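Have a look at the structure below before the remarks.
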Amino acid sequence: MFFDIPAFLESLNYMLSGMVGIFVVMLVIYALIILLGKAFSPKKKKD
C-alpha cells in the first residue's frame with residue numbers, strides 16, 4: 001500500500017478551506033437570524 005504524503009498534505013489544505021467556509025456561512029446565517037429577530041420582534045406597548 002502506497003501512502004502519498006504530499007498529496008495528503010495538499011488535501012488537508014482543501015479540507016481546511018472547506019471547513020472555514022462552512023464556519024463562515026454558519027456565522028452569517030446566525031447573524032441574520034439575530035438581526036431578523038431584533039427587527040421583527042413584537043414591540044412592548046407602554047401603558
Looking only at region 28-36, decide whether some residue is in a loop (DSSP other than H, G, I, E, B) and aromatic (F, W, Y).
no
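Here's the yes/no breakdown for (1) at pLDDT below 95; (2) among the hydrophobic types (A, V, I, L, M, F, W, C); (3) surrounded by 10 or more Cβ atoms within 10 Å (Cβ to Cβ):
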residue	(1), (2), (3)
P6	yes, no, no
V20	no, yes, yes
V25	no, yes, yes
L32	no, yes, yes
F40	yes, yes, no
K44	yes, no, no
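The values are calculated or read from the model by the stated rules, or taken from the named source; none is laboratory data. These numbers were taken from a predicted model, which means no experiment stands behind them. Positions of Cβ are backbone-derived with ideal geometry, glycine not excepted, and every protein chain shown enters the neighbour counts.
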